[in-house]
Structures are given as C-alpha cells and as structure tokens.
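Engineer: One structure, pasted below without further comment.
The values are calculated or read from the model by the stated rules, or taken from the named source; none is laboratory data. Since the model is a prediction, treat every value here as computed from it, not as a measurement. Cβ: placed from backbone, ideal geometry, glycine included. Neighbour counts: every protein chain shown. These accessible areas exclude ligands, DNA and RNA; they are computed on the full protein's heavy atoms, side chains included. Shrake-Rupley method; radii C 1.70, N 1.55, O 1.52, S 1.80 Å.
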Amino acid sequence: MTSTLDTLARDTRLRVAINTGNRALVQQDGDVLNGISPALARRLATEIGAQMVPVIYDGAGKVFDDAEHDKWDVGFLAIDEKRARKIAFTRPYKVIEATFAVRASSDLTEVGAVDRAGLRVLTSTGSAYDMHLSKSLQHATLERSGTPPESFAEFRAGRCDAVAGVRESLAGFFGDDRAVRILPGVLTSVRQAMVLPRADHPLIGALDDFVARAIADGFVAGAS
C-alpha cells in the first residue's frame, strides 16, 4: 500500500490542503499546525518517504474549488454527495458538530428554533453546514459570506440573527464575548474524511486503508 501511495508525492513533496478555518481539526500557532488533520498528513508523508508541504486555506469551499487546479495532492473535507462528483473520499476519521451562535439578547435557545420566518441565518460559503442548511432550511433566510472567520466577524458586526459554524470554531472566535451565545444541540454532524482531487482517483482505496489503520491503532483518537 505504501509503495502505491508514494506516487501521490511530486519529487518527494506531498502537497496537503489544510483548512485552518475548522478549529476542531486544525489549530495554528504561527507556522506550527496542530490537530488531527496535520497529524494525519505528517503520518502519511512519513510512511511514503515524502516531505509534507501544507497548502493553507481558510475555508473548506476554497479547498474544494482548487481540487481541479492541481494545487494539492491530498486534503481533508467533510463528506458530501455533491462534492463526491468531483473528489474522492475515504471513510470518515472524525465526526464533528455544527451549531449556531446568536446574540445574547436573542430569544433563541435551541437549534430547532432558528428556522423561523423573518430570521436571517449566516453561513460560510461552501462549508458542510452551508450545504446542509441549503437543503434543510425552510422558513428562515439563508445568507452566505466567505470563510468561517469572515462570517463570524460579520455576525459580530451586526449581520443576521444567527451564524452557523463548527462548535469549536465558534467557541474559539467568540471566546468570552458576552454579547454572543452558542446554542446547545446539534445543527448537523459533519463526517470528516481524507480526500483526493478526482472522483475516480485510483488511489482512494489505498488512502482509505491508511485511514482505517490510523483509526484502528489509536492514532486518530490520540491526535484528536
């Protein structure tokens, strides 16, 4: 398997798309990348004898958009049937939760109450929860804006009544901001997988085996 996956690298360099907009998977401290996604990327690079070269993105939509432009060799994205038309997914290595942040003065206390006529919901363009809301929201108005941090900043500045996001990312951005509350409950559970930049990529089976081993030997649990 390793001898097969080593063909992912170019001149011993493995370009890995890393989305720093998802704090549940990636934490950035200067030039240092921590979290399960960078850990898996480093393990893969070590196994195939390559240098891991991070290709940094601040939103999942941008990672997906670059899949057909030869910008990265392997990446990490939420499993979605629409994305699967262009990229190949492994099994999920982690399931994370998305929810909403609302203003402290809001009467909204649970996730299910956000889908109400007259309310405006903000989401990051191309995120997994954007795609979920596009299909599930029936009464509230859905608006989009850039990366997760950009959408959070616009919400803080007064745009919309609620903003969607990964729970850890919302908590990291708003911190102890007393003007904002993060709702309990789950908007959607997001299955995170490793990806290759073609729906019919011949190495997806081998990469799936790599993820399966990383889960089975406790690596994923230890790095999460």
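Engineer: Provide the per residue accessible area, probe 1.4 Å, for the chain, rounded to a whole number of square angstrom.
Structural biologist: Ligands and nucleic acids excluded, the result is 46 Å² per residue.
Engineer: Is there a quick way to get the dipole size of the chain? I mean about its Cα centre, with the Cβ of Lys and Arg at +1 and of Asp and Glu at -1; what is the value in debye to the nearest 20?
Structural biologist: Roughly 220 debye for the chain.
Engineer: Could I ask something else about it? In nm, what is the difference between 0.36 nm times the number of residues separating R178 and A216 and their Cα-Cα distance?
Structural biologist: 9.5 nm
Engineer: Right, something else. Restricting to DSSP H runs of at least four residues, report the calculated mean residue ellipticity at 222 nm for the chain, -39500 (n - 2.57) per run over all residues, nearest 500 deg cm²/dmol.
Structural biologist: Per the formula, -8000 deg cm²/dmol.
Engineer: While we're here: Report the full-extension gain for the segment V95 to R42: residue separation times 0.36 nm, less the Cα-Cα distance, to one decimal in nm.
Structural biologist: 17.0 nm
Engineer: Applying 1/(1 + (r/R0)^6) with R0 = 35 Å to the Cβ-Cβ distance of D107 and A199, what FRET efficiency is obtained, to the nearest 0.05?
Structural biologist: The formula returns an efficiency of 0.20 here.
Engineer: Further question: Could you tell me what percent of the accessible area of the range 141-188 is made up of carbon and sulfur, with a 1.4 Å probe and every protein chain present?
Structural biologist: 50 percent
Engineer: Multiply the residue separation of D70 and V55 by 0.36 nm, subtract the distance between their alpha-carbon atoms, and state the gained length in nm to one decimal.
Structural biologist: Difference between extended and current length: 4.3 nm.
Engineer: Here is a further query. What percent do you get for the relative contact order of the chain when only Cα pairs under 8 Å and 6+ apart count?
Structural biologist: Computed value for the chain: 29 percent relative contact order.
Engineer: Oh, and also: Using only the Cα atoms of the chain, what are the Rg and Dmax in Å?
Structural biologist: Cα radius of gyration and Dmax of the chain are 18.0, 57 Å respectively.
Engineer: Then there is this: What's the magnitude of the charge dipole for the range 71-145 around its Cα centre, counting Lys and Arg as +1 and Asp and Glu as -1 at the beta-carbon? Answer in Debye, nearest 20.
Structural biologist: With Lys and Arg at +1 and Asp and Glu at -1, about 340 debye.
Engineer: Then there's this: Using a 1.4 Å probe on the protein chains only, how many percent of the accessible area of the range 22-66 belongs to carbon and sulfur?
Structural biologist: With neighbouring chains kept in place, the figure for the range 22-66 is 46 percent.
Engineer: If you don't mind, there's one more thing I want to ask. Can you work out the Karplus-derived ³J(HN,Hα) for every residue in the range 162-176? Use 6.51 cos²θ - 1.76 cosθ + 1.60 with θ = phi - 60°, whole Hz, and x for glycine or proline.
Structural biologist: Each residue's phi maps through the Karplus curve to give 8, 10, 8, x, 5, 3, 5, 5, 4, 5, x, 6, 8, x, 9 Hz.
Engineer: Quick one: which residues, 5 or more positions from R181 or on another chain, have an amide H under 5 Å from its amide H? H modelled 1.01 Å from N in the peptide plane, none for Pro or chain starts.
Structural biologist: Residues meeting the amide H criterion: V102, R103, A104.
Engineer: Quick one: of the DSSP bridges fully inside the chain, what percent are antiparallel, nearest 5?
Structural biologist: Beta bridges within the chain, antiparallel portion: roughly 65 percent.
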